[in-house]
There are 2 protein chains.
Amino acid sequence: MSSKATREFAALNQLTDTAKARLEQALDHYLPAHSAASRLSHAMRYAALSGGKRIRPLLVYGAAQLAGAPLAKADVPAVAVELIHAYSLVHDDLPAMDDDDLRRGQPTCHKAFDEATAILAGDTLHTRAFELLACHGDYRDGSRISLIQHLCQAAGVDGMAAGQMQDMLAQGQQQTVAALEEMHYLKTGRLITASLQLGYFVAEKDDPSLLANLTEFGDAIGLAFQIQDDILDVTAATEQLGKPSGSDEKLQKSTFPSLLGLEQSQQRARQLCDQAQQTLAGYGPRALPLQQLAQYIITRNH
Amino acid sequence: MSSKATREFAALNQLTDTAKARLEQALDHYLPAHSAASRLSHAMRYAALSGGKRIRPLLVYGAAQLAGAPLAKADVPAVAVELIHAYSLVHDDLPAMDDDDLRRGQPTCHKAFDEATAILAGDTLHTRAFELLACHGDYRDGSRISLIQHLCQAAGVDGMAAGQMQDMLAQGQQQTVAALEEMHYLKTGRLITASLQLGYFVAEKDDPSLLANLTEFGDAIGLAFQIQDDILDVTAATEQLGKPSGSDEKLQKSTFPSLLGLEQSQQRARQLCDQAQQTLAGYGPRALPLQQLAQYIITRNH
């Protein structure tokens, strides 16, 4: 998010400023500086506190606000989704996986530490996410269980991890658009949608249609996010991305631009953004930050 | 466990027969044969269904029985602790960690599949454990949360994973007995104790002194288990262990036999076994399987 608050993104920028400050403080608080293995806690903090767009936590805060919860109630799930995201990046970057040396302009975790430490740091970020949801924050038991359920299901063998497996198996192969969409839905979309669902659950209100709308919104912006990622991998420079651009082509990955062309990819991202915004049209000003976030996702340049 | 039911282990063998049958069926049921990434579910099943002593699930069943719960209520946590154990083995066996080719007499997961698949299969076994506790079985909300809390805390950065980190950092270094005990308490003991605690929680009874006694029992047999493991690494043959014997010496690891000598190690294991059995002495015949398990742990030869 640009720090210049343009009128187009005013509501979003306001939420972002508050949410990012809350998140960084909560991450610092909930990631142990000391533990039974200090090298491990250092690596966890290195991986999770090194910046990033923080889109998923922002979605938790945005959905919590829309659902009528105080932002403080969103701190724990915001940290939890970011830790799941951070764990997945640490493991995906490993030499046996995507073999990336740079992440957010910094050496990846296994480069800054070593492979064994990175594997374990990913593992403990992963456990810590569930530990936070199980042990921290002030929620009714039923809400707490819903939070854990939705995060587990989004992250596991029918979610994010399956998407990463599909992504690796597809390298060097020509894919259909449908297969590419499924892979991205699993790898990225499910955690994005879960972020919105977690924001809903912290409000502890029974509003199934809001939950359904947030789910639909999440599914649409998740795919739009990935299409934009593919577009940026073609059009942006390495220093802009904080990771090597052109990496999809290097790995012979099918992408939306390679299958649909650049212009049609941009059009599909715009359609998804419109569809997402439409879903929340009935909720008035409280939905504005999320609607602007949908717009931001397809216009961002890094 | 020997299939010959000796009189010494009669109660244990009876529980073992029932528990193992329940566990294998529950593992098969709760590990997806198909998923969004079939290679991933195959690797998960390969890692979790390839046998093993199943000590941790047995502890869940034993504690559940002692606490007065029907064994069926222990199925889900028994599977969950075994999946956490299986995930940790898959990751510990990786080339960047302990670099083991054999596990339970079979190729390790990264040898049977590949490193990337093994990393992801470990990850999804990990997530699946929490998903089971969050979504399956019939428990009151508060009990479900206690189950998740105790498993998270035992597995994470102040538990099992920290123990693995300490273990790797200690390679090639002379350790004190106290440091060695702490490492094993974290790496093995905490999950063993959590298994007993999970068995307690499925009974859904409020009996803090039973919980405390099971915790003390678990802490003692966890350490005894590890001392026996160290002893077997010196005294047993590779085919008996299903993994290379002498591997501690190869990795220049401090062990109980290397620090205390063989005889004193055996004596310490016996003391811990006595102490564990004493803790459950007041519970009568329902505690017999667990008490015999303590005995088995220090007399097993594989």
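The values are calculated or read from the model by the stated rules, or taken from the named source; none is laboratory data. The model shown is predicted, which means the values in this text are computed figures rather than measured ones. In this analysis, Cβ positions are derived from the backbone assuming ideal geometry, glycine residues included, and neighbour counts consider all displayed protein chains.
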Open item on the list: Return the pair list, or none, for Cβ contacts closer than 9 Å from residues in the stretch A:37-52 that are within 12 Å of residue A:112 (Cα to Cα) and crowded, with 20+ Cβ neighbours inside 10 Å to residues that are polar (S, T, N, Q) and modelled with pLDDT of 95 or more, at least 6 apart or on different chains.
Closed with: A:43/A:117; A:43/A:124; A:44/A:124; A:47/A:108
Open item on the list: Condition first: more than 20 Å from the chain's Cα centre (by Cα) and of a type in the set (Val, Ile, Thr). Can you find one or more residues in the stretch A:136-158 that meet it?
Closed with: yes
Open item on the list: Residues that are within 14 Å of chain A (Cβ to nearest Cβ) and at pLDDT 95 or above: does the stretch B:203-225 have at least one?
Closed with: yes
TODO: Taking residue B:152 as meeting all but one of (1) within 7 Å of chain A (Cβ to nearest Cβ); (2) over 10 Å from residue B:84 (Cα atoms), write down the number of the exception.
DONE: (2)
Task: Answer from A:94, A:147, A:102 - the residue that is more than 7 Å from every other protein chain (Cβ to nearest Cβ) and closer than 21 Å to residue A:191 by Cα - done: A:147
Task: Some residue of the stretch A:100-111 being modelled with pLDDT under 95, within 25 Å of residue B:87 (Cα to Cα) and out of contact with any Phe, Trp or Tyr (no Cβ under 6 Å at 6 or more places or on another chain) - done: yes
- [ ] Could you please give the count of residues in the stretch A:53-93 that are among the polar types (S, T, N, Q) and within 18 Å of residue A:226 (Cα to Cα)?
- [x] 1
Task: the stretch B:155-188, residues that are within 9 Å of another protein chain (Cβ to nearest Cβ), among the hydrophobic types (A, V, I, L, M, F, W, C) and either surrounded by fewer than 23 Cβ atoms within 10 Å (Cβ to Cβ) or in contact with a strand residue (DSSP E or B) (Cβ under 6 Å, 6 or more places away or on another chain) (or both) - done: B:168, B:169
Task: Those residues of the stretch A:134-144 which are facing another protein chain (nearest Cβ under 9 Å) and small (Gly, Ala, Ser), in sequence order - done: A:134, A:142
- [ ] Go through (1) in a helix (DSSP H, G or I); (2) modelled with pLDDT of 65 or more; (3) not aromatic (Phe, Trp, Tyr) and name the single condition residue B:239 misses.
- [x] (2)
TODO: Considering only the stretch B:58-75, state which residues are in contact (Cβ under 8 Å) with a residue 12 or more places away in the chain and surrounded by fewer than 24 Cβ atoms within 10 Å (Cβ to Cβ).
DONE: B:65, B:67, B:68, B:69, B:71, B:72, B:73
Open item on the list: For the structure I just gave you, tell me whether residue A:130 is within 14 Å of chain B (Cβ to nearest Cβ) and not small (Gly, Ala, Ser).
Closed with: yes
Open item on the list: For the stretch A:185-225, give me the residue count where each residue is farther than 20 Å from residue A:79 by Cβ and in a loop (DSSP other than H, G, I, E, B).
Closed with: 3
Task: Answer from B:37, B:64 - the residue that is over 22 Å from residue B:296 (Cβ atoms) and aliphatic (A, V, I, L, M) - done: B:37
- [ ] Residue by residue through the stretch A:189-219, note down the ones that are buried (at least 23 other Cβ atoms within 10 Å of the Cβ), more than 17 Å from residue A:68 (Cβ to Cβ) and touching a residue at least 40 places away in the same chain (Cβ under 8 Å).
- [x] A:191, A:192, A:194, A:195, A:218
